[in-house]
Structures are given as structure tokens and as C-alpha cells.
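*Asks:* Please find one structure pasted underneath; my questions will follow.
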Amino acid sequence: MRRIVVKPEVCMNCHLCEVWCVVAHSKSKDIIKAFLYEERKPLPRLIVEESRPESFALQCKHCDEPDCIFACISGALYKDEEGRVLHDESKCVACYSCIMACPYGAIKINPLTGKILKCDLCVDLGFPPCVEKCPNNALEYVEVEIGAEES
Amino acid sequence: MRYDYVIIGNSAGGIGCIEAIRELDEASSVAIIAAEKYHAYSRALIPYYLDGKIELDKIYYRPPDFYEKMDVDAYLGVKAVGIDVSSREVLLENGGRIGFGKLLIATGGRPFIPPIEGLSGQKNVFTFLKLDDAIGVKEAISGAGSAIVLGGGIIGLMVAEVLRRKSIEVTVVELADRVLAPVVDATTSNLVQEKFAENGVKIILQNTITKVVGEEEVEKVILKDGSELPTDLLILAVGVRPNTEVAKNTPIKVNRGIVVNKHMETSVEGIYACGDCAEIYDFVFGANRVLPLWPTAYVGGRVAGFNMCGRRREYTYATSMNAMHFFDLYIVSAGLNVPNDSDEFEILCTLDERRRIYRKFALKDGQIAGFILAGRVDRAGILLKLMREGVNVSEFKDRLLKEDFGYVDLPEEIRWELLGDKVKLGVVYEYEHGGHGRAACEGRCEGHEA
Ligand SMILES: Cc1cc2nc3c(=O)[nH]c(=O)nc-3n(C[C@H](O)[C@H](O)[C@H](O)COP(=O)(O)OP(=O)(O)OC[C@H]3O[C@@H](n4cnc5c(N)ncnc54)[C@H](O)[C@@H]3O)c2cc1C
């Protein structure tokens, strides 16, 4: 299992991680098409915490003991076999129990649907573009041991 | 039949327990017993079902093959009526017995039905706790023009909202001087009441139903103040009580709910309890109490499951926490519900009346003892985390009132202590070519030759 971590001291607050997150979740997966032509452009699934001069990107940590899943009243949030915390939008009822529960504040609200948005580690793409495209290498995709934490 | 692990109750608590057991132990035998006949469903979704926001297939909390995958024998539609603690057996209503090595009681809650004159099982009177209740109400509303909801708590208000959306004239009758009094403060109640008024729901406060009139069906209700209201439908939503029946006539200690320690174990060794039927330690309240909430039921079941398998775990961070919404007003409240004129707590709050955004914190010795967010609930979990960790917020308390409060608002030291190496890179890498280590990018980045 791997997790995205940040090096806040080198984050330049450029928000490119957000841009590439949008592209990664767009239909075309093309930066120009996604931003110019896609009617329902996706929203970034991560948060850039910023208060000048500090900034860092924050996304779901795919916890071993995921409070969001424990709080989810619909079963929309679940863990896959690899330990990733994923969201089945078709089951989400927008109760926001997960928003109340996530200690990182890493779950966002999609204003278009009212449902929630969270990092899926770009399961389909293999490697998260937010990390890959960070111009200053402020994000890292590191190996972590599953089951190392306890609640 | 005898199983290593038996669970009574097929809901949040029971499922939490099964999932924990199977994480640690694939071999032992497990059985689940439930009075309701349905595959594990979420009772918290019945308002959404009644509303038509979800179809029946989405009410199920776990996939259809859940019991098979978990290798669990499911006795559904089978009611437990008692426990023989010495022979270690669950006694079933159908006369059967199921033996257990370890037992979890997760029988949830049952509706409290207030004594009302004339109430005699009329067919247009409902409580609202089970899927069967929702199915019943769904049938009854076709053709109904009016409804009365007794009880202005979360469940009563959720039902009232849904009925209103079905173009039914809805009246909520609440005994207290405001709705949701046990869970939120007066300012928040006010916001909620305004929302209901705007949407055409009538709320009658400081009043209750003393009598109902009608044989087959209730035709009208008579309130404490003598006024009469005709109605097509009556929903009783005055409260939920711990369902502790199975523990009757056993040495299992029952207070308001079944008493458990931090391992979720009852006073009888090897017998555990969790969820709405139990009383657990609330770390803010500082004592045991009934916390009838989905997350506490699930985590309680999970902690019980670990302990049943011999992995010691404690449930130390339970407290009251509600995420709710009425029409388009979202609210999150957690911890203690403190009035704004409290002398015991330091109160910080801000209300944007126009946008109806409210943030309120009750502090004790510099720590958050309770908070309410209404109108905007983004990132509420950070506040719960601060509460759980007992962080002294004095230094940055004014920032808590920022609508977009985040980790960046915390002093650096506290921030990184809370976020830790799950967020921040903890390992020092050799910076070979001005970039990150090969491990992190698997050689995909340009600086790394394959
Ligand atoms: C309309 C509604 C909305 C809600 N919304 C929310 C929400 O948004 N957020 C939140 O946190 N909470 C919410 N709740 C509360 C939440 O649903 C409960 O806290 C939660 O379901 C408790 O789970 P539990 O496992 O303790 O028991 P329950 O869900 O009450 O289930 C009890 C189980 O035990 C079985 N059972 C009972 N007695 C017996 C017996 N004698 N023999 C065999 N089986 C038995 C039942 O069939 C059932 O399977 C809501 C509740 C309702 C009714």
C-alpha cells in the first residue's frame, strides 16, 4: 500500500496538483480539453492548505482505521483489497457523516452533486498525477505497511 | 448449533464486529441472529428511501454476498428472547438455542411509545425506526393530505421534511420550547425552525398529544392545550430506548443500556455489547452514557470484535456526534451541547444571519468540549480531532471561527504533531538529482534513468 505525503518546505503553492487531479478525473484526461470544453469539469479531490508563506497539499490518507468508513451510514465508503479507501458515488446520500469523521478534513463536498469527493489514488492510472506533475517534488508517493496503525 | 462467535443484531454494530473478527480470524465459526428478516441494511437510510432519493437496493449496507464472503451463518427473521449465561446459549423465540464461545449483543434501540389515550394500534400510526416502518409509511402516504409528527428530534424532523416534500401538510408537535433541544443550542434550533417554516411545515412547541380519536384509523388528535387537529397520518418519533430485553433475567448489568467497559465487554466475561442497546464511555462527558449513533455502533462492534478474538483494544474516543441536514441546511454537532450563556464553559460563536452560517465552540480549560457548525460543515472532522486529542486551542481559538478553518491555522508545532508522518514526509531521502528518491516515483520521473 502506498500513500501520498508532502514536503511542505518545498511546496510553492502553485496548485498544479489540483489542476492535474482535475485532469486525471476528467473524461478526456487532456488538460486543454478538460478545462476548456468539458461541461462538467471535475473538481480537485485534494486540498491545498495555504496561509502565506506556508502551503501544502492534503488528500485522503487511506487510513488503516478509516473513521470515514466507520461513520458512513450508507456503505458508500469502503476499503478495497489493497487498502485504499474508495467511494461508490451511487450509494452516497450526502449525509456528510464522513466529513464529520475525517480527522484530516480531506473529504470535500462536490457542489454540483452535493455528494462527496475524495482522493482515489488514481487507481486506474497507476500513479497519482498530483505527485508525478508536482514541479518542485513537494509530493511523494511512499510505501507504507498496512495494519501498522491502531485506532 | 454452537459457534465460536455469535452476534445478535444485524446492523452497524453487528457488521462492525463481523468485519473485525474476519480481519483477524478467518477460521472460527461465526453466526449472526436478527429479528428483522432483511439482509444488513442501514436504518439511517430509511428517510432517504421514503423520500425516493434511493431505491430499495441501495438501502443495503453491504453487498448481497456479504455473509458468504465473511463465512457467517445468518439467522435472519429469528428473534432472540434470552441468554443462558451458564450454558452459554442464546435462546430463540422459535424454541431453538444457539451456543456461543463469545457473544456480542447489538440489538439496537426500540421506539418509545408515550402513553396517549385512545392509541390502540390504528393502522395510520407509525414509528420510524425500521425498514418495515418506512415501507408502511410509504404505502400510507399515497392519498394522505395531512400528517402529524410527534417529536421534534432528528428522526421526527427528517420524516417531517420528507412528508412535506410529498406535498403533505405536516405539523410537528414538540414538548420542549424548541426542536432538537438535546443535540444543538437555541441558535441552531432557531435556524432549523426557520427552515421548516419557510418550507411550509408547522411546528407546535411546548405542547403534546394527550388523546387520539378514531377506531380503525386515527382521525384527529387532541393536544395538551385542548386544541384539536385532524390528520390522515400520525408518526410517533419521541425517542429511542436501548433494546436490552435479551439481557433480562441474566447477570448482565443493565443500567439505561447494557453497561460495557472500554473493551465493550459487559459485566459477564465473554459477552460484549455495543450500539444503541449499550452504554459506553463518552470521553467528553467523562462517564458512560447511551450514544445512539451509527459511528459509535460500528466502532463499538469493531472494538468488541477485536477483543473477542483476543486482540486487546479500547474504545476511548466515543462521544456524541451528529451530522444532519434539513432541507438545504447542514449541521454537524459534537461533544457536549452547551448553552451560549453558560458560566462553566468559555463560548466562542459567530452567526452570519444572512447566509445562515453558524459556528460555535464550548471550551473548558482551553480544550474543545463541544462544537456546532451549521450552514457550512466543511472539514468538521478536524475539530473532532482537536477535541479527541485534547489539544489546548487557547492560542489560536479565534481562528476556529473561520469558515475555512484548516490545519494551516494551527501553530506549526501542533499541526505537524497532529498530522504526523501520514501527511508529512518523515523519511530523509538522498537527493540524487535534485529530485525525490527513486522509491517514491519508481523511476518514472525524468531525473531517474531506468
Ligand atoms: C430514521 C433514522 C435516521 C438515522 N440517522 C442517523 C444518522 O444520520 N447518523 C447517525 O449516526 N445515526 C443515525 N441514526 C441512528 C443509527 O441508525 C443507529 O444508531 C444505529 O442503527 C445503531 O446500530 P445498532 O447496531 O446498535 O442497532 P440497530 O441499527 O438498532 O439494529 C439492531 C439489530 O438488532 C436486531 N434485533 C433487535 N432485537 C433483536 C432480538 N431480540 N433478537 C434478534 N435480533 C434483534 C434488529 O433486527 C437489528 O438487526 C438514525 C436512526 C434512524 C431510525
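The values are calculated or read from the model by the stated rules, or taken from the named source; none is laboratory data. Here the structure is a predicted model, which means the values were calculated and not measured. With ideal geometry, Cβ positions are generated from the backbone for all residues, glycine too; neighbour counts draw on all protein chains shown. Areas reflect the complete protein model, heavy atoms only, side chains present, ligands, DNA and RNA absent. Shrake-Rupley method; radii C 1.70, N 1.55, O 1.52, S 1.80 Å.
*Asks:* Any idea how many residues of segment B:131-143 are out of contact with any strand residue (DSSP E or B) (no Cβ under 8 Å at 6 or more places or on another chain) and surrounded by fewer than 19 Cβ atoms within 10 Å (Cβ to Cβ)?
*Replies:* Final tally of qualifying residues: 6.
*Asks:* On to the next question. Tell me, yes or no, whether segment B:66-83 has at least one residue that is closer than 24 Å to B:D132 by Cα and within 14 Å of chain A (Cβ to nearest Cβ).
*Replies:* yes
*Asks:* Consider A:I109 against the criteria (1) more than 10 Å from chain B (Cβ to nearest Cβ); (2) under 27 Å from A:V23 (Cβ atoms); (3) not polar (S, T, N, Q): it satisfies all of them except one. Which criterion is unmet?
*Replies:* (1) is the only condition that A:I109 fails.
*Asks:* Of the residues B:F66, B:F112, which single one is within 14 Å of the ligand (Cβ to nearest atom) and loosely packed, with under 14 Cβ neighbours inside 10 Å? Even if it seems obvious, please write down each step before you answer.
*Replies:* Working: B:F66 fails: loosely packed, with under 14 Cβ neighbours inside 10 Å.
One residue alone meets the criteria, B:F112.
*Asks:* Test of understanding: among A:G75, A:G114, A:G126, A:G105, which residue is open to solvent by 30 Å² or more (accessible area, probe 1.4 Å) and either under 15 Å from A:L46 (Cα atoms) or part of a loop (DSSP other than H, G, I, E, B) (or both)?
*Replies:* Working: A:G75 fails: open to solvent by 30 Å² or more (accessible area, probe 1.4 Å); A:G114 fails: open to solvent by 30 Å² or more (accessible area, probe 1.4 Å); A:G105 fails: open to solvent by 30 Å² or more (accessible area, probe 1.4 Å).
Checking each option against the conditions leaves just A:G126.
*Asks:* Also, quick follow-up: I need the full set of residues from segment B:88-98 which are under 23 Å from B:C17 (Cα atoms) and either within 24 Å of the chain's Cα centre (by Cα) or open to solvent by less than 60 Å² (accessible area, probe 1.4 Å) (or both), in order please. Write out each step before concluding.
*Replies:* Of all residues in segment B:88-98, those under 23 Å from B:C17 (Cα atoms) come to B:88-92, B:97-98.
Matches in segment B:88-98: B:E89, B:V90, B:L91, B:L92, B:I98.
*Asks:* What single numbered condition from (1) farther than 23 Å from A:K91 by Cα; (2) within 21 Å of the chain's Cα centre (by Cα); (3) of a type in the set (S, T, Y) fails to hold for B:S29?
*Replies:* With (1) farther than 23 Å from A:K91 by Cα; (2) within 21 Å of the chain's Cα centre (by Cα); (3) of a type in the set (S, T, Y) applied to B:S29, the lone miss is (2).
*Asks:* For B:L229, are the conditions met, namely being out of contact with any Phe, Trp or Tyr (no Cβ under 7 Å at 6 or more places or on another chain) and within 30 Å of B:V85 (Cα to Cα)? Outline the logic, then answer.
*Replies:* Details: out of contact with any Phe, Trp or Tyr (no Cβ under 7 Å at 6 or more places or on another chain): yes; within 30 Å of B:V85 (Cα to Cα): no.
Spelling it out, it is not the case that B:L229 is out of contact with any Phe, Trp or Tyr (no Cβ under 7 Å at 6 or more places or on another chain) and within 30 Å of B:V85 (Cα to Cα).
*Asks:* In this structure, does A:E18 turn out to be out of contact with any helix residue (DSSP H, G or I) (no Cβ under 6 Å at 6 or more places or on another chain), modelled with pLDDT of 95 or more and open to solvent by 20 Å² or more (accessible area, probe 1.4 Å)?
*Replies:* Working: out of contact with any helix residue (DSSP H, G or I) (no Cβ under 6 Å at 6 or more places or on another chain): yes; modelled with pLDDT of 95 or more: yes; open to solvent by 20 Å² or more (accessible area, probe 1.4 Å): yes.
Spelling it out, A:E18 is indeed out of contact with any helix residue (DSSP H, G or I) (no Cβ under 6 Å at 6 or more places or on another chain), modelled with pLDDT of 95 or more and open to solvent by 20 Å² or more (accessible area, probe 1.4 Å).
*Asks:* Still on this model: If we only count strands (runs of 3 or more DSSP E) wholly inside segment B:311-412, which ones have 2 or more residues that are in contact with a helix residue (DSSP H, G or I) (Cβ under 8 Å, 6 or more places away or on another chain) and within 20 Å of A:E65 (Cβ to Cβ)?
*Replies:* B:321-326
*Asks:* Does segment A:51-61 include one or more residues that are under 11 Å from the mean Cα position of the chain (by Cα), open to solvent by less than 10 Å² (accessible area, probe 1.4 Å), within 24 Å of B:R302 (Cβ to Cβ) and at the interface with chain B (Cβ under 7 Å from one of its Cβ atoms)? Write out each step before concluding.
*Replies:* Taking segment A:51-61 first, the residues under 11 Å from the mean Cα position of the chain (by Cα) are A:57-61.
Checking which are open to solvent by less than 10 Å² (accessible area, probe 1.4 Å) leaves us with A:57-59, A:61.
Checking which are within 24 Å of B:R302 (Cβ to Cβ) leaves us with A:61.
Narrowing further to those that are at the interface with chain B (Cβ under 7 Å from one of its Cβ atoms): A:61.
Within segment A:51-61, one or more residues are under 11 Å from the mean Cα position of the chain (by Cα), open to solvent by less than 10 Å² (accessible area, probe 1.4 Å), within 24 Å of B:R302 (Cβ to Cβ) and at the interface with chain B (Cβ under 7 Å from one of its Cβ atoms).
*Asks:* Just wondering, is there one or more residues in segment B:219-236 that are surrounded by 19 or more Cβ atoms within 10 Å (Cβ to Cβ) and farther than 30 Å from B:S142 by Cα? Break it down into steps so the answer makes sense when it comes.
*Replies:* As a first pass, look at segment B:219-236 and keep what is surrounded by 19 or more Cβ atoms within 10 Å (Cβ to Cβ): B:221, B:231, B:233-236.
Now drop any that are not farther than 30 Å from B:S142 by Cα, which leaves none.
Within segment B:219-236 (the criterion being surrounded by 19 or more Cβ atoms within 10 Å (Cβ to Cβ) and farther than 30 Å from B:S142 by Cα), the answer is no, since none of the residues qualifies.
*Asks:* Does segment B:281-304 contain at least one residue that is at positive phi, within 14 Å of chain A (Cβ to nearest Cβ) and within 11 Å of the ligand (Cβ to nearest atom)? Show your work before the answer.
*Replies:* Keep residues of segment B:281-304 that are at positive phi, which gives B:286.
In the following step, the residues that additionally are within 14 Å of chain A (Cβ to nearest Cβ) were identified as none.
Looking for residues that are at positive phi, within 14 Å of chain A (Cβ to nearest Cβ) and within 11 Å of the ligand (Cβ to nearest atom), one finds none in segment B:281-304, hence no.
*Asks:* Can I ask one more? Of (1) within 16 Å of the ligand (Cβ to nearest atom); (2) closer than 30 Å to B:F306 by Cβ, B:N261 satisfies all except one. Which?
*Replies:* With (1) within 16 Å of the ligand (Cβ to nearest atom); (2) closer than 30 Å to B:F306 by Cβ applied to B:N261, the lone miss is (1).
*Asks:* Okay, moving on. If I go through segment A:62-72 residue by residue, how many of them are more than 8 Å from every other protein chain (Cβ to nearest Cβ) and open to solvent by 20 Å² or more (accessible area, probe 1.4 Å)?
*Replies:* Qualifying residue count for the region: 2.
*Asks:* Of (1) away from the ligand (no atom under 11 Å from the Cβ); (2) more than 14 Å from chain A (Cβ to nearest Cβ); (3) at pLDDT 95 or above, B:I59 satisfies all except one. Which?
*Replies:* (2)
*Asks:* From the list A:E82, A:E140, A:E89, which one is under 20 Å from A:A24 (Cβ atoms) and at the interface with chain B (Cβ under 7 Å from one of its Cβ atoms)?
*Replies:* Details: A:E82 fails: at the interface with chain B (Cβ under 7 Å from one of its Cβ atoms); A:E89 fails: at the interface with chain B (Cβ under 7 Å from one of its Cβ atoms).
Going through A:E82, A:E140, A:E89 in turn, just one is under 20 Å from A:A24 (Cβ atoms) and at the interface with chain B (Cβ under 7 Å from one of its Cβ atoms): A:E140.
*Asks:* If you don't mind, there's one more thing I want to ask. Looking at segment B:113-124, I want the residues that are closer than 16 Å to B:D232 by Cβ and have a partner that is surrounded by fewer than 11 Cβ atoms within 10 Å (Cβ to Cβ) with Cβ atoms under 7 Å, at least 6 apart or on another chain. Which pairs are those?
*Replies:* Once the first residue is closer than 16 Å to B:D232 by Cβ and sits in segment B:113-124, its partners that are surrounded by fewer than 11 Cβ atoms within 10 Å (Cβ to Cβ) give B:Q122/B:E216; B:K123/B:E216.
*Asks:* Ok, one more. Within segment A:40-50, does at least one residue satisfy the condition of being open to solvent by less than 60 Å² (accessible area, probe 1.4 Å), free of Cβ contacts under 8 Å to residues at least 40 places away in the same chain and at the interface with another protein chain (Cβ under 10 Å from one of its Cβ atoms)?
*Replies:* For segment A:40-50, residues open to solvent by less than 60 Å² (accessible area, probe 1.4 Å), free of Cβ contacts under 8 Å to residues at least 40 places away in the same chain and at the interface with another protein chain (Cβ under 10 Å from one of its Cβ atoms): present.
*Asks:* Suppose the filter is at pLDDT 95 or above, open to solvent by less than 20 Å² (accessible area, probe 1.4 Å), in contact with a Cys (Cβ under 7 Å, 6 or more places away or on another chain) and not in a strand (DSSP E or B); does A:C134 pass it?
*Replies:* On the way: at pLDDT 95 or above: yes; open to solvent by less than 20 Å² (accessible area, probe 1.4 Å): no; in contact with a Cys (Cβ under 7 Å, 6 or more places away or on another chain): yes; not in a strand (DSSP E or B): yes.
No, not satisfied.
*Asks:* Same structure again: Check segment B:74-81 and report whether any residue there is over 20 Å from B:R110 (Cα atoms), buried (at least 17 other Cβ atoms within 10 Å of the Cβ) and away from the ligand (no atom under 15 Å from the Cβ).
*Replies:* Checked segment B:74-81: no residue is over 20 Å from B:R110 (Cα atoms), buried (at least 17 other Cβ atoms within 10 Å of the Cβ) and away from the ligand (no atom under 15 Å from the Cβ).
*Asks:* Would you check if B:V268 is away from the ligand (no atom under 14 Å from the Cβ), touching a residue at least 40 places away in the same chain (Cβ under 8 Å) and more than 14 Å from chain A (Cβ to nearest Cβ)? Reasoning before the result, please.
*Replies:* Working: away from the ligand (no atom under 14 Å from the Cβ): yes; touching a residue at least 40 places away in the same chain (Cβ under 8 Å): yes; more than 14 Å from chain A (Cβ to nearest Cβ): yes.
So B:V268 passes the test.
*Asks:* Which residues, counting only those in segment B:413-422, are aliphatic (A, V, I, L, M) and either at the interface with chain A (Cβ under 10 Å from one of its Cβ atoms) or not in a helix (DSSP H, G or I) (or both)?
*Replies:* Our first condition is that a residue be aliphatic (A, V, I, L, M); within segment B:413-422, this holds for B:414, B:418-419.
Residues satisfying the conditions are B:L418, B:L419.
*Asks:* Which one is farthest from the ligand (Cβ to nearest atom), of the residues in segment B:82-109 that are within 16 Å of B:V254 (Cβ to Cβ) and among the small types (G, A, S)? Show your work before the answer.
*Replies:* Within segment B:82-109, the first condition is being within 16 Å of B:V254 (Cβ to Cβ), and the residues that meet it are B:82-83, B:85, B:103-109.
Next, from what is left, pick out any that are among the small types (G, A, S): B:82, B:106, B:108-109.
On the way: B:G82: 9, B:A106: 5, B:G108: 2, B:G109: 5 Å.
Top of the filtered list is B:G82.
*Asks:* What pairs come up if the first residue lies in segment B:21-35 and is within 25 Å of B:K79 (Cβ to Cβ), the second is of a type in the set (D, E, K, R) and within 12 Å of the ligand (Cβ to nearest atom), and their beta carbons are under 7 Å apart, counting only those six or more places apart or on different chains?
*Replies:* If the second residue must be of a type in the set (D, E, K, R) and within 12 Å of the ligand (Cβ to nearest atom), the pairs left are B:A35/B:K79.
*Asks:* Next up: Looking at the structure I just gave you, is B:G239 surrounded by 16 or more Cβ atoms within 10 Å (Cβ to Cβ), within 16 Å of the ligand (Cβ to nearest atom) and within 14 Å of chain A (Cβ to nearest Cβ)? Break it down into steps so the answer makes sense when it comes.
*Replies:* On the way: surrounded by 16 or more Cβ atoms within 10 Å (Cβ to Cβ): yes; within 16 Å of the ligand (Cβ to nearest atom): yes; within 14 Å of chain A (Cβ to nearest Cβ): no.
No; evaluated as a whole, the condition is false for this residue.
*Asks:* Just for segment B:10-55: of the residues that are open to solvent by 10 Å² or more (accessible area, probe 1.4 Å) and touching an Asp or Glu at 6+ places or on another chain (Cβ under 6 Å), which one is farthest from the ligand (Cβ to nearest atom)?
*Replies:* B:S28
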